[in-house]
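Chemist: The following block contains the structure, expressed as structure tokens.
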Amino acid sequence: MTKRVPHPISMIFPMMDDAEIEELASDIVLHGLREPIWVHRDGSILDGRNRYEACYRAEVPCKALTFEGEDRDLLSFSLSMNLHRRHMTISQRAAVAANIANLEHGTNRFADKIEGSIDPSTKTAAISSAYAAEAMGVGEKSVDKARKVKSEDPELFGKIQEGKVSVNKAYNSLSKKPEKDTAKPRRSQSQGQPRPLQSPTISGNSSHGWPLAPVSWTPSARVRTWPRRSRRMPYRSIGFTWTQFAASSTAWWPG
């Protein structure tokens, strides 16, 4: 038999895994299909993808009912058919809201009831995160986080749908950045040690032909230093001796 395709509205809710579908197929073989699926007028599945897949694997005829309402009511119909029988966490609800907000323009044929940006060329609307959050009873920030996870890491988004990880934990794992190495580079032996500071010296001969003594800017304890008056201290050393002053003054003011 020809296999039906799912309607985009039905894809906002996740499918069961293979083990659960096989278990459902075994139950349908024993007890039959208790609840028929719902299909659109074009034949696509609006509700009951898991039941239809189980019937297809078990080769059991799948009963179907046709939705006769207007296309603007498709979203509310899908939510009412699934929310009352699915026990979802807040993170799973946020993931469903992210799927609602990510619906393409072509699927928004129920645009009259959607608060979003209208596309004048197709007269359709993009579902806003605020509307999707209100429909699923979650915060808008949680929906935005779920949408970011879905766009950057679809595999991690699937874990949110399965209830294995929360939205906040998945979002925080995306925002973590590798820590930069802030340690300063060590000085290698080839670079050597920094050169020690050297005291300035004055070389050459004075105008009288006498060799100039080297000038050291550290005061001498044995020779009296040149005094200078200060407001706080009666005498203060300026840092060189009489001999050094004489030699330096001869170099500065010759003759």
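The values are calculated or read from the model by the stated rules, or taken from the named source; none is laboratory data. Quick caveat, the model's predicted, so the values are computed rather than measured. Virtual Cβ from ideal backbone geometry, glycine too; neighbours counted across all protein chains shown.
Chemist: Somewhere in segment 10-25, is a residue surrounded by fewer than 17 Cβ atoms within 10 Å (Cβ to Cβ) and more than 44 Å from the chain's Cα centre (by Cα)? First the steps, then the outcome.
Modeler: Step one: of segment 10-25, the residues surrounded by fewer than 17 Cβ atoms within 10 Å (Cβ to Cβ) are 11, 15-20, 22-23.
Okay, now just the ones that are also more than 44 Å from the chain's Cα centre (by Cα), so none.
Scanning segment 10-25 turns up no residue that is surrounded by fewer than 17 Cβ atoms within 10 Å (Cβ to Cβ) and more than 44 Å from the chain's Cα centre (by Cα).
Chemist: Out of the residues in segment 145-165 that are more than 17 Å from the chain's Cα centre (by Cα) and among the basic types (Lys, Arg), which is farthest from Leu103 (Cα to Cα)?
Modeler: If we filter segment 145-165 for residues that are more than 17 Å from the chain's Cα centre (by Cα), which is where we start, we get 158-159, 161-164.
So of that shortlist, the ones also among the basic types (Lys, Arg) come out as 159, 164.
On the way: Lys159: 20, Lys164: 24 Å.
Applying the filter and picking the extreme gives Lys164.
Chemist: Same structure, new question: Pick out the one residue from Ala25, Ala19 that is over 21 Å from Gly163 (Cα atoms), small (Gly, Ala, Ser), part of a helix (DSSP H, G or I) and out of contact with any strand residue (DSSP E or B) (no Cβ under 7 Å at 6 or more places or on another chain). It would help to see each step written out before you state the result.
Modeler: Working: Ala19 fails: over 21 Å from Gly163 (Cα atoms).
Answer to the check: Ala25.
Chemist: Search segment 84-117 for residues being charged (D, E, K, R) and in a loop (DSSP other than H, G, I, E, B), and hand back the single one that is modelled with the highest pLDDT.
Modeler: Of segment 84-117, the ones charged (D, E, K, R) are 85-86, 93, 104, 109, 112-113, 115.
So of that shortlist, the ones also in a loop (DSSP other than H, G, I, E, B) come out as 85-86, 104, 109, 115.
Details: Arg85: 75, Arg86: 79, Glu104: 55, Arg109: 43, Glu115: 41.
So, considering only residues that are charged (D, E, K, R) and in a loop (DSSP other than H, G, I, E, B), the one modelled with the highest pLDDT is Arg86.
Chemist: Would you check which residues across segment 41-62 are within 11 Å of Ile28 (Cβ to Cβ) and of a type outside the set (S, T, N, Q) and list them? Full working, then the answer.
Modeler: Let us first name the residues in segment 41-62 that are within 11 Å of Ile28 (Cβ to Cβ), namely 50-62.
Of everything in segment 41-62, those that are within 11 Å of Ile28 (Cβ to Cβ) and of a type outside the set (S, T, N, Q) turn out to be Arg51, Tyr52, Glu53, Ala54, Cys55, Tyr56, Arg57, Ala58, Glu59, Val60, Pro61, Cys62.
Chemist: Working only within segment 33-80, note down all residues that are of a type in the set (Lys, Arg) and either in contact with a Leu (Cβ under 7 Å, 6 or more places away or on another chain) or at pLDDT 90 or above (or both). Walk me through how you get there before you give the answer.
Modeler: Looking only at segment 33-80, we keep the residues that are of a type in the set (Lys, Arg), and these are 34, 41, 49, 51, 57, 63, 72.
Once the filter is applied, which keeps residues that are of a type in the set (Lys, Arg) and either in contact with a Leu (Cβ under 7 Å, 6 or more places away or on another chain) or at pLDDT 90 or above (or both), segment 33-80 yields Arg34, Arg41, Arg49, Arg51, Arg57, Lys63.
Chemist: Being outside any loop (DSSP other than H, G, I, E, B), in contact with a helix residue (DSSP H, G or I) (Cβ under 9 Å, 6 or more places away or on another chain) and either among the polar types (S, T, N, Q) or assigned by TED's automatic domain parsing to the domain that holds Gly163 (or both) is the filter here; which residues of segment 32-82 pass it?
Modeler: Asn50, Ser76, Ser78, Asn82
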